[in-house]
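Data block below; observations after.
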Amino acid sequence: MYARGSPSAPPKFPVMLKRNTFLKASLIGVLLGWGGSYGVTHFLSYGKEWRLRRFLHVPLPAPSEHALGDPRAPVCIRYYFSLTCQYCRTFQQKILPLLLKRYVNTGKLYLVFCEFPEDEISLQGFTLLRSLPSASYFWILEDILAHQDLWQSAPDVLVRLFEKWGLSEDQQKTLRARPESAKAILFHRFDAEAQWNLSATPSFMLHGKVYSGTFPWAALEEALLGQ
């Protein structure tokens with residue numbers, strides 16, 4: 001199972017430097033009515049609250065986890081991803097199907113999806129995604145990432161997608177105005193940054209080590225087998 005000890009360094013896979021997506025996502029947020037400076041406020045104000053809570057040892061809200069596979073599987077991967085990350089989309093489309101077929105569906109692997117928003121639009125997207133039935137989480141996530149190029153170039157597409165999944169535009173505005181879910185997601189991200197020194201997506205926790213960057217299938221399978 002997933003070890004909670006300190007991760008080893010350096011990572012085994014090629015590290016992707018943290019991409020400067022915040023300005024682009026802030027512009028998208030403005031067009032969507034989610035607010036560019038509003039996003040800065042979320043990251044800064046929640047960051048201050050997170051640090052204060054940790055200092056005072058006040059329990060932090062944590063989002064429920066979404067995972068695939070048997071929790072009793074001998075190996076666990078914690079997968080940190082962002083909705084605006086193109087490499088996460090590549091993983092979802094090209095690597096995940098093989099992982100599911102050969103390891104998750106055969107009881108060898110438990111795969112935990114950990115939301116790691118890199119910007120405001122990803123944070124709010126996760127907030128809306130979590131307001132939908134839990135049973136639909138993975139297929140809606142797949143749809144969001146499959147349409148990533150569309151809603152990043154035409155932001156209204158994301159609003160229309162959530163309408164298709166059952167959230168009216170007014171419901172989306174109401175949900176985005178509620179801080180509880182967004183705060184829990186962002187606190188979880190801050191925890192991962194502090195504990196594992198995560199700074200980029202995709203990142204993976206496997207056998208007590210952090211791997212960040214792109215994952216060729218052969219390299220991922222090698223890590224899974226502990227080689």
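Beyond 13 Å, what share of the Cα-Cα pairs of region 129-197 is found? Please give it as a whole percent.
Details: 1675 of 2346 pairs.
Counting pairs separated by more than 13 Å, the tail of P(r) holds 71 percent.
Scattering from the C-alpha atoms of region 175-225 alone, worked out with Debye: what is log10 I(q)/I(0) at q = 0.25 1/Å? Each listed q maps to, in turn, -0.94.
State the three equivalent ellipsoid semi-axes of region 89-226, derived from the C-alpha gyration tensor as the square roots of 5 times its eigenvalues, in descending order and whole Å.
Details: eigenvalues 158, 65, 38 Å².
Each semi-axis is the square root of five times an eigenvalue, giving 28, 18, 14 Å.
Since every read-out is calculated from the coordinates, none of them should be taken as a lab result. Given the structure is predicted, the values throughout are model-derived calculations rather than measurements.
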